[in-house]
Amino acid sequence: MLGASRRSLCAAAAARSRAAAGAAPAVSADAAASAPLTRPVSSGAQGAPQQQKRLLSVLAAPKVTGTSNVASFKLMDGTLVGRRYESSAAAVNSTDMPPAEKHEYQAEVNRLMDLIVHSLYSNKEVFLRELVSNASDALDKLRYLSVTDPELLKDGPELDIRIQTDKDNGIVTITDSGIGMTKQELVDSLGTIASSGTAKFLKALKESQEAGMDSNLIGQFGVGFYSAFLVADKVVVSTKSPKSDKQYVWEGEADSSSYTIREEKDPEKFIPRGTRLTLYLKRDDKGFAHPERIQKLVKNYSQFVSFPIYTWQEKGFTKEVEVDEDPAETKKEGDGETQTEKKKKTKTVVEKYWDWELTNETQPIWLRNPKEVSTEEYNEFFKKTFNEYLDPLASSHFTTEGEVEFRSVLFVPATKKEDITDRKTKNIRLYVKRVFISDDFDGELFPRYLSFVKGVVDSNDLPLNVSREILQESRIVRIMRKRLVRKAFDMILGISCSENRDDYERFWENYGKFLKLGAMEDKENHKRIAPLLRFFSSQSNDELISLDEYVENMKPEQKDIYFIAADSLSSAKNAPFLEKLTEKEYEVLLLVDPMDEVAIQNLSSYKDKKFVDISKEDLDLGDKNEEREKEIKQEFSQTCDWIKKRLGDKVARVDISNRLSSSPCVLVAAKFGWSANMERLMRAQSMGDTSSLDFMRSRKVFEINPDHEIIKGLNVACRNNPDDSEALKVLDVLFETAMISSGFTPDNPAKLSGKIYEMMSSAIAGKWSTQSQVVEPEPVESGKQK
């Protein structure tokens, strides 16, 4: 159906009349644009307007009183002036009306409504999305057919959708200037579900889900149109096809088992081309008839439909009007000796009028060529769409073609997302053919660790009635998810490669924990996640480094990537495990975040180099001297057995250490046991399994440094007097201090403190009190020198 241009004639008339005479537009608040209008068209360089007869959309719902709104425009001194007034509609003799043909539904309408509400739609407001989408499809079809048959556009070239509401009577009217329908097409299109039957509908739905296919059930069964009955008791469809000279009316009611089709004979209700849907809303759903709500729904669901959508809105403008003066005040002013000419008193009032307003003004940015979109435009779109106040850290605009085609624009927000465990976000807005479907996802399009990414996804391959079940089972969605994740990683990698190092530091501060979570959960994308991780190291001077930087700084003889986990950076730097590695100038990653150790363990390796925990047994630094080790083991084998006998089940065994240089001993975890840091974290878990904690605790290995004086002394004590109480006491204190320096917690700190105090007392006993007395020098007599 032919529609008005984007700059409304009513607005033009109002603006012109305000500028010329300051008068209010002569448009009543209840007027509607339902009659043929004329429009001036510029001709020639002088711009002299001509009168060109032009039909505009017939949008007003039929008046119960038999009257309709008529609008006329006159040309006065080159100015287009509009007048709207009520006129009595021509009475149509009921005897002249053609009889309506009654068609019975093969499937019960009540059952059909139940399917729509419970099987496909989760909320009622999607009825407008469905009907606007149908109108857009009708316009698309007309535009496509008019390429080969221009005569289809003889009633007017403009294609648009117009929505008008009557909140008093609870009526919503949706009109498009699309292809329209003939009588037979009415039966075929709006009777699809009826002719298919409820059983066939259910069967097709079930088969499509079992086969993993996303057949567009709306297009096949007409569910989109029937969504009108979610909110309406009665629906009237008046349609005119350019292929037919006649206009037909389809009427159906929600509680009826039949519908009727008749020819339209009332001239006041004729439309040049297209379809007009009139919804008579249910009592509980009349809130949808408010113009503001309709406008909001259009902006939410159909903002990016490729055709202009106009809604009928109340507007106003201010003007000055004269105010009647008080006679008493006028007489008082007239008593003065000198009387100057007085200005007339005026006041400002707001004049209300109704006019069409373009609702979907924003062009979808994802449909444009990325080369033609500026950074400022991306930033503005991001802040407007997601209610953000800061520019995004990065954006990615791409089109995916091939097996699945979709367009998308993704953003990395600059604001921090606090809850890492929240799977459900509204960060991704899914569109199907530019129609908004949903933003309520639970990991269907992005994994949990990428839930901070925001953006829009527009696909032509998904059905409009996509539900969470379809999203979870759809092969198309799985392919989309895989490609979206890949593009998200490319976007983050771009930030990490930025010349400005602060950009990625800011990203890491906000979302580093999310990537660590990805290292734990997404084994498939380890190769993409690992280069993005950042850690402290023993040589980085408190700065975070990447794994690529670590590998680049590795010594030629170094085979593995070494790391140690601790509760703080200071503890990690001063741990005894680093002593020999520091001497060899090997860099060690310092994992001080609770998630670091688990993330590294899940990665296992990077660029064919294994991650090695230097706080665990069997550390290989690549400098083994088998003969030297054999000699030391023989020399200290008896001491190791003696220590193991004394410690009992506290340790799994006692070994000679190759990682110490200045410390006498260290307590290391078993190869497959928990490290000290992990044991601390597991102990802190409120729901921790104490039985597994006890088991893992018993798997520690006590390593001694044979070059340290304390160990040498214990070796002598073991050979000479293994039962010496002092030696055993020293051994006990040595073990428990090793626990502390290694990051473990002693079982009885108070007992350890007592032993240390006792040893200190023995060490200092009599050290100062038994010192020899200092002899005071004799006084020197005067005149004598010594």
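The values are calculated or read from the model by the stated rules, or taken from the named source; none is laboratory data. Fair warning: this is a prediction, and the values are worked out from it, not measured in the lab. Cβ coordinates were reconstructed from backbone atoms using ideal geometry, including for glycine residues, and neighbour counts include every protein chain displayed. Surface accessibility is based on the protein's heavy atoms, side chains included, excluding ligands, DNA and RNA. Shrake-Rupley method; radii C 1.70, N 1.55, O 1.52, S 1.80 Å.
Here the stretch 543-673 exposes an accessible surface that is 42 percent carbon and sulfur, computed with a 1.4 Å probe and the other protein chains kept in place.
Summed over the residues of the stretch 350-433 and divided among them, the accessible surface reaches 53 Å² per residue at a probe radius of 1.4 Å.
Residue pairs exceeding 25 angstrom between C-alpha atoms, taken from LYS610/LYS645; LYS650/LYS751; LYS580/LYS610; LYS523/LYS555; LYS513/LYS555: LYS610/LYS645; LYS523/LYS555; LYS513/LYS555. A straight chain from SER498 to TYR144 at 0.36 nm per residue would run longer than the Cα-Cα distance by 122.9 nm. The lysines whose alpha-carbon is closer than 17 Å to the alpha-carbon of LYS347, local same-chain residues fewer than 8 away aside, are LYS319.
Per residue, the accessible area of the stretch 547-693 comes to 52 Å², computed with a 1.4 Å probe over protein heavy atoms only.
Full extension of the chain between LEU358 and ASP593 gives 79.3 nm of extra length, using 0.36 nm per residue less the Cα-Cα distance. Of the peptides 479-486, 348-355, 233-240, the order by per-residue mean of other Cβ atoms within 10 Å, starting with the highest, comes out as 233-240, 479-486, 348-355. When the C-alpha to C-alpha distance is required to be over 31 Å, the pairs from LYS124/LYS269; LYS154/LYS352; LYS102/LYS269 that qualify are LYS154/LYS352. Other residues within the sphere of radius under 14 Å centred on the Cβ of LYS607, judged by their own Cβ, net out at 0 (K and R +1, D and E -1).
Charged neighbours of GLU627, selected by a Cβ distance under 15 Å, balance to -1 (K, R count +1; D, E count -1).
The fraction of accessible area contributed by carbon and sulfur in the stretch 346-450 is 41 percent, rounded to a whole number (1.4 Å probe; ligands and nucleic acids excluded).
Accessible-area rank, largest first, for ILE476, ILE614, ILE764: ILE764, ILE476, ILE614, with all protein chains present and a 1.4 angstrom probe. Here the simple spin-label model places points 7 Å from the Cα toward Cβ, and for LEU569 and VAL551 these points are separated by 2.6 nm. In this Cβ point-charge picture (+1 for Lys and Arg, -1 for Asp and Glu), the stretch 573-685 has a dipole of about 380 debye about its Cα centre.
For the pair ASN387 and VAL716 in one chain, pulling the backbone fully straight at 0.36 nm per residue adds 111.0 nm over the alpha carbon distance. Among the listed pairs LYS183/LYS299; LYS426/LYS516; LYS482/LYS609, which have their C-alpha atoms separated by more than 29 angstrom in this model? Cα-Cα > 29 Å for LYS183/LYS299; rest within.
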